[in-house]
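Inspection log for the structure reproduced underneath, given as C-alpha cells.
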Amino acid sequence: MHISGYMPVTLFGGAGAMHRAAESIAGLGKKCLVVTGGGSAVKSGALADLLRVFSEKQIEYRIFDRVEQNPRTHTCHQAGEAARAFGADFLAGVGGGSPLDAVKAIGFYAANPDFAPDDIYTRRQSGHTPLPSILIGTTAGTGSEVTGVAVLTNESGRKQSISGADCYGTLAVLDPTYTHSVPYGVTVSTALDAFAHALESAIAENSNLLSETYALRALPLVWEGLLSFYQTGKLPEDALRETLYYGSILAGLAINITGTLFPHTVGYVLTEQRGIAHGRACAAFTPVLLAHAESFAPEKWNRVQHALGVDRKEIQTVTVSLAGVNEVFTSEEAARIAGRWQDAKIANFARTPGGFTAEDARQALLSLGKTG
C-alpha cells in the first residue's frame, strides 16, 4: 500500500466559485485570451461570469471561439498566434473538455513562436514556459480541469495526447451550475467518460491508495447518473447534475495519478473513423475491460463491485446500452487498425490488468455489438 500523486492546480469549487476566484484571476495579468468552442460557454452562464470578473478587475480580453470537438493542433496553433498578437498574459478555457484541453496546448504555442502545429508533442525541447491558464468546465466528464493531460487531433487526423507537469492549468473554477444547460446526449456521453475514468483508474496496475480513494468515491456518484439515464431516458435534476459533476472531478483526480487504460486508446479509433463521441467510444469496451479486471485484478475488482453495489452483468448492461455503439469492423479492418499498436509501447495497454496487446485490441474491435 502506498500513496503518490501530483496536482498543482488551485481549485475554486461550488456555486459562485468564479466570484471567489476573482482575486486569483486578477493576479494572472491584465490581458486574457478566452478560448471557447460551441455554445456552452454562453448557455451555461460561465462566460458571462468570467467577463464580469474581467470588468471588475479591469482585465482586457479577446475571445477565440473556433475550437472544435477533438481539437486539432492546427486550430490550437492559430489560437496561440492570436494570443501572442494580442499580448495575452494568460488564457481562459471555457467549455467542455475540448476547450480545456486546447488551452493547455495554446499556452505552449503562444510562448513558442517557432512551433509548428505538431511540435507540441516534442515541446520539451523548447524551454519556453507556457502561459498560465484558468480552466472553467461546463460538462461533467473529462476532468480536464484537474489533470496534466490534453488530447489533441494531430495533423494526420489521429488523436494523440500530451501530458506532464507543464500541462496543468493554473486555476480551475469548479461550479456545477454551469453544467445545467448541457443537452441529454452530451450529458450521457460525458458521464460515460467520467465513469470510464473512475473504473479504469480503480483497477489500473499502477493504482495506489490515493488514486483508489478518488476512484472508488467517484464511481457511485457517476453510476447514480448512469442508472437514472438508463431507467428514465431523461435529463437529470439539478441535484444529480451536481453529483455527476463532482464525480467527474474525483475521477479526473484519479486518472491524474494513474492515467487511463486500453479503452481510451482503442476508443480513439471509433471517434476518428466513425464519429462516435469519446465517452460512448470508451464505454463500448466495458465488457472487455471488466473481463480483464475480474481475471487479473480480483481484489481491485471486488472493491469496485462493493463501491457500486452491483454485479458485472448490470454494469455491462447499463454502460453498453447507453453507449449505443453498434459499429461492426471486418476482420481486415480490425487487423489494419490494430497494426498501429503492433510495435509501439502503449502506456494505456501496460496499465491494463493482465496487460493488453495489439492482438487484444483487434479482438476488442471485433467484439463490438456482440457483448452486453
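So which helices (runs of 4 or more DSSP H) are wholly in segment 242-313 and hold at least 2 residues that are among the small types (Gly, Ala, Ser), open to solvent by less than 10 Å² (accessible area, probe 1.4 Å) and within 15 Å of residue 197 (Cα to Cα)? Working first, answer last.
Details: elements: 262-274, 278-283, 286-296, 298-308.
The qualifying helices (runs of 4 or more DSSP H) are 278-283.
For the condition within 24 Å of the chain's Cα centre (by Cα) and of a type in the set (A, V, I, L, M), what is the one hit in 28, 47, 51?
On the way: 28 fails: within 24 Å of the chain's Cα centre (by Cα); 51 fails: within 24 Å of the chain's Cα centre (by Cα).
Step by step, each of 28, 47, 51 is checked, and only 47 is within 24 Å of the chain's Cα centre (by Cα) and of a type in the set (A, V, I, L, M).
Conditions tested, residue by residue: (1) open to solvent by 50 Å² or more (accessible area, probe 1.4 Å); (2) out of contact with any strand residue (DSSP E or B) (no Cβ under 6 Å at 6 or more places or on another chain); (3) closer than 30 Å to residue 214 by Cα; (4) hydroxyl-bearing (Ser, Thr, Tyr).
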| position | (1), (2), (3), (4) |
| --- | --- |
| 76 | no, yes, no, no |
| 81 | yes, yes, no, no |
| 97 | no, yes, yes, no |
| 100 | no, no, yes, no |
| 104 | no, no, yes, no |
| 134 | no, no, yes, no |
| 138 | no, no, yes, yes |
| 149 | yes, no, yes, no |
| 157 | no, yes, no, no |
Scanning segment 324-334 residue by residue, the ones that are in contact with a Gly (Cβ under 8 Å, 6 or more places away or on another chain) and open to solvent by less than 30 Å² (accessible area, probe 1.4 Å) total 1
So, first residue over 18 Å from residue 87 (Cβ atoms) in segment 106-123, second residue among the aliphatic types (A, V, I, L, M) and part of a helix (DSSP H, G or I), Cβ within less than 7 Å, six or more apart or across chains; the pairs are 120/105
Quick check, is residue 228 outside any helix (DSSP H, G or I) and surrounded by fewer than 24 Cβ atoms within 10 Å (Cβ to Cβ)?
no
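The values are calculated or read from the model by the stated rules, or taken from the named source; none is laboratory data. Values in this document were obtained by computation on a predicted structure and should not be read as measured data. Because the Cβ atoms are built from the backbone with ideal geometry, glycine has one as well, and the counts that use them run over all protein chains shown. SASA here: full protein model, heavy atoms, side chains in, ligands and nucleic acids out. Shrake-Rupley method; radii C 1.70, N 1.55, O 1.52, S 1.80 Å.
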